[in-house]
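> Structure incoming, see below.
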Amino acid sequence: MIGGLSSAGRTSYGPGMQWNDRWVLITGASSGFGAAAAEAFTRAGAHVLLGARRRDRLAHLVSDLPRPL
C-alpha cells in the first residue's frame, strides 16, 4: 500500500489510515454515534461535513469540536 492506495488502486481504510486533510460526511451528527464520529474524525485530523435534523444540537456539537471546521 502506497499513499493510502492498495495495489488495486482503491483507497484503503483501516486502523493505520491517515485522516489529515481528508473529508468525511456524517449524517445524524447531532447526537449518538454521529456526534461521536464527528469528534473522533476531527481529533484524527479530518475535515467533517455534518448533517442533522436538529439544528440546535448540531450547533452545540460544532462549538464543542476540537478543531475549527
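Every number here is computed from the coordinates shown, using simple stated rules; none is lab data. What you see is a predicted model; the values in this text were computed from it and never measured. Here Cβ is always computed from backbone atoms with ideal geometry, including for glycine, and neighbour counts include all displayed protein chains.
> Fully extended, how many nm does the chain gain between VAL62 and VAL24 (0.36 nm per residue separation, minus their Cα-Cα distance)?
Roughly 12.2 nm would be gained on extension.
> Check which residues have an amide H placed less than 5 Å from LEU49's amide H, if you skip close sequence neighbours.
Placed amide hydrogens put VAL24, LEU25, ILE26 under 5 Å from LEU49.
> What net charge do the residues around ALA40 carry, taking every other residue with its C-beta under 15 Å from that of ALA40, with Lys and Arg at +1 and Asp and Glu at -1? Walk me through the intermediate numbers first.
On the way: positive: ARG22, ARG43, ARG67; negative: GLU39, ASP64.
It works out to a net charge of +1.
> Which whole-Hz ³J(HN,Hα) couplings does the range 27-39 yield from phi under the Karplus relation 6.51 cos²θ - 1.76 cosθ + 1.60, θ = phi - 60°, glycine and proline marked x?
9, x, 7, 7, 6, x, 4, x, 5, 5, 5, 4, 5
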